[in-house]
Structures are given as C-alpha cells and as structure tokens.
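What follows is calculated from the coordinates using simple rules that are stated; it is not laboratory data. Predicted, not measured: the structure shown is a model, and the values here were computed from it. Neighbour counts are summed over all protein chains in view; Cβ atoms, including those assigned to glycine, are modelled from backbone coordinates with ideal geometry.
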Amino acid sequence: MKSVAFNLNGSPVTIDVEPEKPLLWVLRDDLGLTGTKYGCGMAICGCCTVHLEGDAIRSCVTPMSRIEGKHVRTIEGLSSDLSHPVQRAWMDLQVPQCGYCQPGQMMSAACLLVQNPNPTDNDITDAMSGNLCRCGTYQRVRKAIHHAAEIAANKGARA
Amino acid sequence: MSGEVSRRFFLTASLAAGGGFLIGYSLSPVSNLAPNSESPLPLDDFPLNAWVRISSRDEVTLISSQSEMGQGVMTTLPAILAEELCADWNRVKIEISTVAPAYRNPRINWQFTGNSESTTGFFELLRTMGASAREMLIQAAANRWNVPNEECYAENGRIVHRQTQRTLKFGDIAEAAAKLTPSQSPKLKPERDWKLLGKPLRRVELSSKLNGSADFGIDFTLPGMLYAAVMQSPVHGGMVSSFNKESVMNLPGVIDVVPIPNGIAVVAKQYWYAHQALKALKVEFDGKANSATSTAILDQQYRTALNGDKWKAVKTEGDAVRSNSMTGKFPQVFTQEYESQFLAHATMEPMNCTASVTDESCTVWGPLQGPELAKLTLSGMLKLPLEKVYINRTLLGGGFGRRLLVDFVVQAAIISKAVGKPVKVIWSREEDIQHDVYRPATLNQISAGLNESGRPAAIAHKVVSPSILQFVYAPAVTEDNDPSCLEGLMESHYEIASQRVDFKLLKIGVPTSVLRTTGYGPNIFAVESFIDELAFKAGKDPYEFRRGLLKNERSLEVLETVVSQSDWRKKAARGVARGLAYTEAFRTHIAHVVELSIKDNLVTIHRITCAVDCGFPLDPEIIRNSIEGGTVWGLGVAFKSNITFQDGRTVESNFHNYQIAQMQDTPPIDVHIVNGSTKTLGGTGEVGPVTVVPAITNAIFAATGKRYRSLPLSKHGLKLASAA
C-alpha cells in the first residue's frame with residue numbers, strides 16, 4: 001500500500017492503495033465514481049476513458065503509481081448540470097442507446113475538442129477509433145462532435 | 001449447491017418445471033387491472049392498475065415492464081400509457097416493474113424482453129391500461145363535481161369539466177379514483193388526438209447516460225457487499241477437477257473460493273482483488289468429454305448433416321418439389337450454399353449480477369432480459385417459494401439476447417449463499433466472450449427450379465442449424481425442431497408456386513442461443529444472396545427481378561422507397577456498385593441499398609440507404625437510431641466478427657480478436673421510415689442487420705462479379721476501408 005495524492009474533478013484526493021491497482025477500479029470501487037466503465041481490461045474498447053492531465057487515457061491499464069500529483073477528470077467531472085458542449089450535443093442528437101460506452105465516447109470527444117476545436121471527419125475517426133459502441137451509435141457520435149464544436153465556438157464568440 | 005451440477009441443468013431445469021404454463025394461457029385482464037403490491041407503497045400513492053400510480057402529491061408513476069437496453073422501451077411504452085391517460089409527460093415518473101403476471105408479454109404469457117416484440121406485444125394492453133385509468137379519474141372527478149362523466153375530459157394531467165372549465169389535478173382525485181371499479185373495455189383515444197405517440201421524445205433516462213449517473217447492473221452496490229470473479233471450464237461443458245483454496249487465501253482482500261457450475265469463483269472485498277487472486281488460483285479442469293470440438297470438426301458435422309437424408313419437412317407449399325427431384329421438371333435448376341458464422345453477443349457491459357441470499361429469501365439486482373426465468377430458476381435451485389425470490393432490474397449495457405439467459409444470475413446466488421453476504425459477480429471480458437452462448441453457425445442450401453425466363457417456379461431450402469431457443473424458451477423446442485432457426489423461410493413474400501423447407505436440428509458441443517436477428521440473420525443472408533444470383537442468371541436488374549416476384553403492398557413500398565432514396569436507377573460513379581436486399585423480419589419490412597467500391601480486396605462503403613416499415617412509427621427518432629445501429633452491427637457481422645473453436649475451447653477472447661464495427665467502418669447511413677398503420681406494428685431492435693449483410697455481398701458481386709457465400713468476409717481476405 002502506498003499513499004497516492006491526486007486531483008480528481010477539481011478536488012484533492014489522497015488514498016492508500018496498491019501502486020499497481022488500475023485507476024479504473026479505484027474510481028469505481030474505492031471512490032464510488034461508477035460513471036467510468038469496465039469493458040475489456042486491455043485498453044481496446046475505450047469504455048474506461050478518463051482525462052489524465054488533459055489527455056484521454058484508458059484507466060483500466062493505468063496503475064495508480066502514474067496518478068500521483070496528477071489531474072484526473074471523469075465523466076462526473078465533465079459538468080454536473082449537463083452544460084458541457086459535448087453533453088449538450090449528445091443530448092441534442094440523442095446519441096446514446098444502451099449508453100454503457102458513452103462516458104468513454106464523451107471523454108474522448110471532449111479531449112479531441114480541446115486539442116482540435118474544429119475537427120474534420122478524419123480527425124474524428126482518428127480520435128474515436130479506440131472507442132467501441134456495440135449499439136452502433138458512431139454516426140451520431142460523429143455528428144455530435146461536429147455539433148459540440150459549434151456549440152463551443154458560439155459560446156466562445158459570446159464570451 | 002454442488003459444483004457438479006452442470007450449467008445446462010441450471011439453464012433448463014426451471015423451464016422443464018415451469019414450461020407447462022408458459023403456453024396456451026390467455027391473458028387475464030384482471031391481473032393487469034389489479035394493482036401490483038409486491039413492495040409497500042407510500043400511503044398517499046394510489047395504484048389505479050398494475051401500470052399507473054398517482055399520488056395525492058400529484059405524482060404520476062408509470063410502470064416500465066420491459067428491460068431498457070438501448071432500444072428505447074422505457075420511453076416508448078410508458079408514452080403509450082401517458083398518451084391514453086392524458087398525463088403531463090414532462091412530469092411523469094417511470095418505475096421499473098417487478099416480476100408479476102401483470103407484466104408478462106400477452107402473446108406468450110411470459111415476462112421477458114426480446115424477440116423485438118415489446119412494442120407489438122404491449123401496445124394494445126398499455127393503451128387499454130392508460131385509458132382505463134383515465135376513465136377512473138374522470139369518474140372520480142365527475143363524482144366530486146356531481147356532474148355526468150360525459151361532461152368531463154382529461155388533459156395534461158388534469159380533469160376538466162367542459163361546461164364550467166373547472167379543473168382537478170390527477171392528484172386531487174387519485175385516492176377516490178383508486179377505489180372505483182376499473183373499466184375493462186375503456187374508450188381509446190383516437191389516433192388523430194395523439195400528442196406523444198408519433199413524435200420523437202427525449203429518452204427518459206437520457207440525462208443519466210450523459211453524466212455517469214445511469215445505474216447499470218455493474219454499478220449496483222449494497223453496504224457490506226463482496227465481489228466475485230469467476231472462471232469457467234475453458235473447454236465447453238468441462239468441470240473443475242481440483243482447486244487449491246489455500247493458494248489464494250492470503251492474497252489481499254480475498255474472502256473465499258466457491259465452486260460454481262462448471263467453474264470456480266474467488267470472492268474478495270473488491271473486484272480487482274478477486275480478479276487478481278483468480279489469476280493466481282491453482283485450479284484444474286476436466287474437459288475431456290468435449291475437448292475434440294473444433295471449427296474444422298463442426299464444419300464436418302454441418303456438411304455430414306447437409307449430405308445426409310435425415311430431414312424434417314417444416315414447410316410444404318404447392319407441389320413442394322424436393323431439390324433432388326427438380327432436374328427434368330424445370331428447364332433450369334440452380335443450387336447454392338450459404339454459411340453464416342458463430343457470433344458472440346459481446347455486450348459492452350460484461351455479464352454481471354448482484355445477489356443477496358439468506359435462508360429465507362433471495363434478492364437479485366441485475367441487467368436482465370429474462371427476469372421471470374431468473375425468478376423460476378432461483379426458486380427451484382434454492383428451494384424457496386416464488387414469493388421469496390425478488391428480482392430487480394437495472395439498466396442493461398446492451399442485451400442482444402444474451403441477458404435472456406440466467407447463468408450469471410445463478411452464479412451470483414450460489415456465491416452469495418456460500419459466503420452469507422451480498423455478492424456482485426462480474427465476468428471479465430475474456431470470460432464474457434469465451435463463455436458466451438453463441439449465435440449458432442448455419443448452413444443453408446437453396447435450390448430453385450426455373451422457367452425459361454429464369455423466374456423461379458419452385459424453391460427448396462435445406463437448413464442445418466443448432467438450437468436457438470433451447471436455453472431461453474425450451475417449450476418451443478422439440479427433438480428435431482426449433483422455430484427460431486426457420487425464421488424468414490416460413491413466411492416469404494416472394495411469389496413462388498412450389499416451396500419447401502427441410503430442417504436438420506444439429507446437436508453440437510458448444511452452447512448456442514438467441515442473438516440479435518436470431519434465425520432471420522443467417523436465413524435472409526442466404527435467401528437474399530440467392531435471389532440476387534437468380535436475378536443475375538435471368539439477366540435482370542436485382543430490383544426489377546425482386547419486384548416481379550413481390551405482390552405484397554408493404555414489400556413493394558419499402559422496395560420503392562429504398563430504390564428512390566438510394567438513386568438506384570441513376571448510374572453509379574465509375575467503379576462504384578450497389579447491392580440491394582429486402583425482407584420482412586420481426587413483423588417489419590426492411591430494405592437496404594449499399595453503395596461501395598473495391599480495390600485490392602479493400603472495400604470502401606460510400607453510403608447505405610435503408611427503408612423501413614414497422615407500422616405506425618411510435619417514436620421515429622428511436623426507430624431511426626435503432627436501425628442505424630443495427631446497420632452498423634451488420635457491418636461487423638459481414639466483415640469482422642467470427643467465433644471459432646479449437647480443442648473444445650473458444651479461440652477468441654477479447655475485442656482484439658473478436659472484432660466488432662468501429663467508427664472508421666461506419667459510412668453515412670440514411671434511414672427512411674415508411675409511414676404505416678398501428679394495426680401492423682413491427683419490431684425494430686433486431687431487424688437492422690438482417691438486410692444490410694446480403695446487400696453488402698450483393699454489392700460486392702455487382703462490383704467484382706465475385707460472389708461470397710460464407711461469412712465473415714475477412715475469411716476471403718476482404719477488409720473494410722475507412723469510411724472517413
């Protein structure tokens with residue numbers, strides 16, 4: 001066991017934990033943030049995507065030893081009132097079906113839009129190819145990312 | 001419970017016990033009109049029937065009996081109730097039902113979510129229940145005002161007295177209304193007055209799916225709950241021969257090691273500890289009995305069955321000419337074979353369930369499509385009366401038929417009983433794929449006797465398939481028949497005078513069950529490929545050829561819609577080809593046109609057009625979403641997904657080798673809904689993949705002249721190019 005201190009969704013957290021324990025299970029079972037999902041355990045499906053220092057990473061293969069002193073953002077930290085452009089776009093286009101993969105999809109999309117505020121279809125494919133959706137919502141995910149980019153741009157223009 | 005009892009026992013024992021009352025039972029309206037009272041309600045909350053509760057605080061609660069797995073039933077079905085009730089949709093609360101006779105699908109008197117029949121099965125019933133509750137509220141208001149019922153009407157959560165424009169909120173009269181005798185044949189609202197049905201509604205659980213708060217089975221927790229990781233015999237049907245509990249008991253967090261049917265479970269304080277300890281556990285399996293099973297051996301088994309003479313004639317129409325009697329009878333005879341592969345469900349949420357078992361009762365919480373099967377199975381296994389088995393359903397992270405089975409529910413109950421605490425079982429992805437109950441591979445042979453112009457005068461199908469329904473609806477399966485394996489063949493719209501279908505139900509060493517599209521998927525791949533081949537032989541356009549064989553108006557309208565929307569009649573760009581397929585499946589008519597080009601075995605799909613007639617579109621946006629997703633599912637089936645076996649084991653284990661469609665595989669998909677009638681409602685949850693798969697292979701033929709008759713296309717070296 002080792003004490004790991006990090007910032008989670010804007011708040012400081014310190015937890016005694018095995019350094020090799022994946023962030024996914026710490027979020028879900030130690031901290032009760034179950035929005036981040038287990039899907040494959042091998043960084044293939046993207047259900048467990050969270051932000052680490054602003055980058056989209058797979059929390060199922062990220063040991064706690066890598067988290068010390070870092071900023072972690074989960075779906076619960078995107079916004080509590082569904083005001084984040086990605087959440088608004090997902091709402092407008094009714095993207096989710098079963099919804100299980102969508103936290104991962106949305107975290108990957110949110111990261112993409114920070115790094116590339118006006119992505120092309122190809123940019124979206126590149127950024128999202130590691131997020132699987134068994135319901136097959138990809139067409140709406142793609143449209144919603146373009147829509148979120150517009151929402152964010154309009155917000156910026158007003159601000 | 002002994003670990004020696006086979007998994008098959010658990011899956012079928014309860015059906016053998018309970019099967020007698022599954023069929024041939026008519027719906028009792030009384031069970032629906034009576035309030036459901038398994039769990040205590042607040043004193044000011046008044047059930048008007050099993051589906052509608054209204055509190056004196058003016059809260060309207062609508063019951064959702066069908067499991068929400070992305071198909072939108074938790075929105076569309078309560079909207080039917082709300083429409084008839086004239087409730088304020090923005091203020092209703094939706095509650096997931098218990099397991100009770102009132103919530104059974106009226107067609108087969110059995111509570112489950114599957115077979116694409118939630119809407120078709122419950123539409124009339126829910127209209128009646130909503131209308132009955134509305135009439136009770138109107139009566140209660142009329143009584144209060146001392147005016148005739150006819151002077152009152154319901155609107156937006158209130159009862160209005162037409163003459164005086166006085167109003168009462170539903171909540172003001174809920175208590176009085178609940179005391180009235182429900183009307184069993186209430187007057188239904190005319191369709192022209194509908195405010196909710198036919199319009200896109202925001203899914204009721206949508207917000208929760210956007211901020212991480214949606215509770216799937218895997219998210220459910222109880223105080224003091226333990227977690228279990230399971231490992232079942234890698235060889236299908238094998239057993240644990242020995243295990244050394246002490247090999248893991250001193251590892252962090254480990255509580256116990258518990259035998260389960262065909263496997264072993266490690267119980268720990270958290271899932272990660274259980275998962276780690278399971279990897280370290282010394283355990284031996286005995287799978288000798290089944291260790292020879294492989295894809296090569298299964299292929300031989302199918303081939304032997306096809307070449308054999310043991311057939312059950314399941315359909316004979318007209319002269320029903322056998323394939324081997326066609327030569328000489330018709331100017332031309334044409335025969336081809338088509339193969340569909342084994343598939344895994346691979347729901348994004350792996351199998352999981354939470355159970356709390358004591359000597360007196362059993363309570364489970366989980367993502368279930370088959371709650372009544374779970375209840376019966378647990379009652380039988382734990383020797384508890386049915387009323388002491390409580391089934392709670394969460395949201396489902398995908399279902400596709402996998403969650404009609406209860407193997408994972410049984411495990412949770414066995415482990416909870418063994419450790420005397422609530423336990424959540426979670427399968428690893430590897431366990432989920434290697435111990436799925438697979439969509440069976442199918443071998444189809446179709447022969448046609450053709451007249452001079454190439455039009456089929458006789459068609460004969462031979463189908464070899466393992467059972468689909470054995471584990472989820474055993475009463476429908478006999479020694480030599482399983483109706484689900486024949487879907488799409490028994491009720492073709494193609495006008496062919498002589499038709500026959502012969503079936504061979506194959507017994508194999510790997511477990512098989514229902515998966516999205518069930519028998520329709522493989523059978524329509526075969527039929528729509530074959531029809532395309534006949535069109536080519538006849539020198540006809542695939543659309544014109546099909547139109548010549550179809551008389552049904554709905555078939556023709558769907559075909560016409562997809563043809564006009566896809567620009568079928570316009571010449572495609574150089575190097576671009578189109579393929580078409582049509583069918584009726586799950587009571588819905590559907591057609592796809594796929595437009596693609598192909599270079600060096602790399603297939604680029606440019607666009608996919610779909611037309612669908614599922615009767616009156618109760619929620620067009622949910623329907624469109626479902627068909628889009630089903631089309632994407634079909635891309636995976638056509639090109640990528642394949643389960644194979646070696647040494648009795650499933651070879652594929654995770655998404656790296658069991659591949660499904662990804663974003664880069666997804667071209668623009670346009671779904672066109674043909675407006676139909678409420679009298680001809682059809683399902684849309686499973687139909688999407690059915691026609692897109694043959695439309696793809698038909699388009700590849702149009703592009704290259706090469707006909708692919710077995711799936712997935714990766715077997716033939718074909719790959720999907722990035723669509724964007």
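Placing unit charges on the Cβ atoms only, positive for Lys and Arg and negative for Asp and Glu, gives the protein assembly as shown a dipole magnitude near 920 debye about its Cα centre.
Shown here for segment A:48-120: GluC sites (Glu not before Pro) in loop regions (DSSP other than H, G, I, E, B) with at most 12 other Cβ atoms within 10 Å, namely A:E53, A:E68.
Our coupling estimate for segment B:161-177, obtained by passing each phi through the Karplus curve with A = 6.51, B = -1.76, C = 1.60 and θ = phi - 60°, is 8, 4, 5, 9, 6, 5, 9, 10, 6, 3, x, 5, 10, 4, 4, 5, 5 Hz, Gly and Pro reported as x. About its Cα centre, segment A:85-158 has a charge dipole of approximately 220 debye under the convention of +1 per Lys or Arg Cβ and -1 per Asp or Glu Cβ, with nothing else charged.
On a straight-distance basis, which lysines could pair with B:K462 in a cross-link, Cα separation under 18 angstrom, same-chain partners fewer than 8 positions away excluded? Partners found: B:K310, B:K312, B:K315, B:K504, B:K507. Distance from the C-alpha centroid of segment A:35-103 to that of segment B:412-447: 27 Å, rounded to the whole angstrom. Per-residue Karplus couplings for segment A:47-52, computed as 6.51 cos²θ - 1.76 cosθ + 1.60 with θ equal to phi - 60°, are listed in order as 4, 9, 4, 9, 9, 10 Hz, Gly and Pro entered as x.
Would you mind ranking B:E349, B:E479, B:E621, B:E191 so that the residue whose beta carbon has the fewest other beta carbons within 10 Å leads the list?
Details: B:E349 29, B:E479 7, B:E621 18, B:E191 12.
Placing the least packed residue first, the sequence is B:E479, B:E191, B:E621, B:E349.
The amide H of B:D58, built 1.01 Å from its N in the peptide plane, has B:G171 as neighbours under 5 Å, considering only residues 5 or more places off or on other chains.
Segment B:538-586 and segment B:644-712 have their alpha-carbon centroids 18 Å apart. Panel note: the C-alpha atoms of segment B:34-208, placed on their principal axes, show extents of 48, 36, 33 Å (largest first). The mean sequence separation of alpha-carbon pairs under 8 Å and at least six residues apart, normalised by the residue count of chain B, gives a relative contact order of 14 percent.
Footprinting exposure proxy ranking of B:M490, B:M136, fewest other C-beta atoms within 10 angstrom first, gives B:M490, B:M136. Derived scalar couplings between HN and Hα for segment B:378-386 equal 5, 4, x, 5, 8, 6, 10, x, 3 Hz in order, rounded to whole Hz, by the Karplus curve 6.51 cos²θ - 1.76 cosθ + 1.60 (θ = phi - 60°), x for Gly and Pro. Loop sites by DSSP among the trypsin sites (Lys or Arg not before Pro) of chain B, restricted to those with at most 12 other Cβ atoms within 10 angstrom, leave B:575-705 as the longest stretch without any of them.
For B:T512, nonlocal amide neighbours, meaning residues 5 or more places apart or on other chains whose placed amide H falls under 5 Å from its own, are B:Y438. Projecting the Cα atoms of B:A585, B:Y273, B:M74 onto the dipole axis of chain B, where Lys and Arg carry +1 and Asp and Glu carry -1 at the beta carbon, places B:A585 farthest toward the positive end. Per-residue Cβ neighbour counts within 10 Å put B:D502, B:D88, B:D407, A:D55 in the sequence A:D55, B:D88, B:D502, B:D407, beginning with the fewest. Computed from Cα atoms alone, the Kirkwood hydrodynamic radius reported for the protein assembly as shown is 28.6 Å. Any chance you could check the Cα centroid distance between segment B:122-149 and segment B:217-246 for me, in angstrom? Distance between centres, Cα-based: 51 Å.
Taking Cα centre as origin and charging only the Cβ of basic (Lys, Arg, +1) and acidic (Asp, Glu, -1) residues, the dipole magnitude of chain B rounds to 820 debye. The residue list B:S641, A:V95, B:G114 was ranked by how far each Cα lies along the charge dipole of the protein assembly as shown toward its positive end, using unit charges on Cβ atoms, and B:S641 comes out on top.
Positive end of the dipole of chain A (Cβ unit charges, origin at the Cα centre): among A:H146, A:C45, A:G69, the Cα lying farthest that way belongs to A:H146. Among residues other than B:K421 with Cβ under 11 Å from its Cβ, the summed charge is +2 (Lys and Arg +1, Asp and Glu -1). Taking amide H atoms as placed 1.01 Å from N in the peptide plane, the amide H of B:R166 lies under 5 Å from those of B:H161, each 5 or more residues away in sequence or on another chain.
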